[in-house]
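Novice: Take a look at this one; I'll ask things after.
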Amino acid sequence: MRHSDFRGMEKNAQTLDEEYDGLSARSVDDHYNYPLSPSVHGEFMADGTNRKEHSLHAFVAPKQNKNRKNKKNKGTSIVNKVVEEELPVVQEDPQRTRGRKILRDDFDTQFDMEPDDDIERSKNETVPIRPSGLETMPARVATLKISDRSDRSISPQKQSKSTYDSPSVTPRQGVSPSSVSRRNENTSSSVTSTLKRRPIAADRTNTLRDYNERLEGRDLLNLVVVGHVDAGKSTLMGHLLVKLKVVDDRTMHKNKTEAARLGKESFSYAFVLDESEEERQRGVTMDIAQAQFKTKTKIVNLVDAPGHKDFIPNMINGAAQADVAILVIDSRRGEFETGFEFGGQTREHALLLRALGVSQLICGVNKMDTIEWSQERFEEIVKKLSSFLKSSGYKESDITYVPLSGWTGENLITPNNPSLSWYQKEDNPSNIKINGVICGATLLDLIDRLKPPERPISKPFRLCITDVYRATGIGAGTVSISGRIDCGGVEVNERLLLRPSNDQVTIKTVQIENTNVSSAFAGDNVTLNIQGVDPTHLFIGNVVCDPEYPIPCATIIQARIIIFNISVPILPGTPIVFHFKSMQEQGKITNLIEELDRSTGELKRKNPRLLTKNSSGVIEIVLQRQICCELYSDVKELGRFMLRQSGLTMAAGIITKIIS
């Protein structure tokens, strides 16, 4: 009992009432948080005859058969009256509000345990029925029990009789038929039954027409730039944005002044994308940066990923949003070899891109001005990269090589350079690729030649949250989330479901590049301003989805993986870091089900003892917390993942079965 501190003894309510019968006292410890405080001034000196009105014994003991209709607490506030009036609705099922003795996926002992939850009851032991009235329970305690719970995504006061009569949810064909993840059995039924149909018609002809008008007849393309640290990725793309007039002269002058102040004049173009103070001082890209530019036939969403090995998780986050990629290589003698050998980020980034579904690749051989645009060095790099990329699963027709200089800006937009006469031979037209090289093509030309993937617009809406913040000027109670739409579409005023917390949200505005639009579809990087959710329920990695077809949540999955060049084989019980979209989750490999042939996929043996490097297999993974995922056969974008350990990438895989 928390109130027994005034005697320094731990005693229960009954013992205290017997020992101090007829005595009256009050506490003067202002710092102590008493659960049973007097409600009026006169009760600070309590009457011994009326001591049970504010003692734990009053609501631990059985309800007395006394007529208390005329005894009312004068200090009861309007809020407490509302709670007392709403209790009969809650008590239709006593377990609904208390949520006890029920196995829940997001059970947290810190918040969900109540005083007698830790007492193990036998199966034959009957649970005593608590009194249904609130006459003997202090109003303040009743308010705490209902309102101070951390998992109140659906408040008991908001329930109504119409809640239980609503139709349930049925899964759509083509999507894994998984029911909504539940906090407990009773709460989940109310969550799924209150989901209403979208007021928007299934026919999105008008919104698709607006979408095509917004694209201006161009194709949408998500491009990520990767490569070894100090390969010149940010400088290369920053200079390209300056040449395309995406960055104005005033901003560029400011960047040059800032670079000169820091003693890094050569980083002025990199500051276009590296905007944080820490990145500029260290001269290293630490997080992904985004921009947008247009070509003749494309609208390109650019993602600049970090190259340092300490920020591989951020690189995976950026690569998971991409359709195509540019792999930047430092052409200087010794620098290319450092990034290409085992442990270098040139090799690792290429493997990660392929595992995340990126198949089209532009290899930009950068800093060619430092080696005097040597044709021999360029061909040497192309030869080494070609053999490696082919063995990694890339098709020769999807790889293109181009010589560049990010600092001088040569061969980015215009090919006029006398030093590149060997690259601009007239006997080879620019539309013919020879050994992965299109003579005379600039970087912008090669980006224009990339093919956009097919967008799954007709599938249920899915958006994995990559950032959560509270923007200014968007209205009270509105939170901003950003991410890439993986499939489906969204419109303003549409109601969606947040998983795994099962909160319903309303889309107030949709923004693309800080511009309000009426709708957005698969492939768009958007910012959604939403209402109807507690900000404490929003986390990076959560998924906003169609309430009629919720995305499954899982802690145990079965997956097919391809193992990279690891030094220690994979055994049952191996701990891993599970990288999925923008989130990371701790877990372990609990079972090795099959070992497969890496090239053909045929079964080699069942239940292998271990999986070695450069092999393939089917495994079972157990995660510490729930993740929102799909089967790879249903939604490819939400079925891929990476496994890492001790800062190294172990394997890449696809989800083949959701077990639990």
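Novice: So, Ser387, is that one modelled with pLDDT of 90 or more and assigned by TED's automatic domain parsing to the domain that holds Arg354 or not?
Specialist: Yes: the conditions hold for Ser387.
Novice: Name the residues in the range 404-447 that are modelled with pLDDT of 90 or more and in a helix (DSSP H, G or I), would you?
Specialist: Result: Leu443, Leu444, Asp445, Leu446, Ile447.
Novice: Report, ordered by the first and then the second residue, all pairs with beta carbons closer than 8 Å, sequence separation of six or more or different chains, a first member in the range 209-233 that is not assigned by TED's automatic domain parsing to the domain that holds Asn314, and a second member that is of a type in the set (Gly, Ala, Ser) and surrounded by fewer than 17 Cβ atoms within 10 Å (Cβ to Cβ).
Specialist: Asp210/Ser518
Novice: Name the strands (runs of 3 or more DSSP E) wholly within the range 598-651 that hold at least 2 residues that are touching a Gly at 6+ places or on another chain (Cβ under 8 Å) and assigned by TED's automatic domain parsing to the domain that holds Ile563?
Specialist: By residue number, 616-628, 640-645.
Novice: Can you name every one of the strands (runs of 3 or more DSSP E) wholly within the range 483-553 that holds 3 or more residues which are more than 22 Å from Ile288 (Cβ to Cβ)?
Specialist: 489-491, 495-499, 503-512
The values are calculated or read from the model by the stated rules, or taken from the named source; none is laboratory data. The structure presented is a predicted model; accordingly, all values stated were derived computationally and were not measured. As a convention, Cβ positions derive from the backbone with ideal geometry for all residues, glycine included, and neighbour counts pool all protein chains shown.
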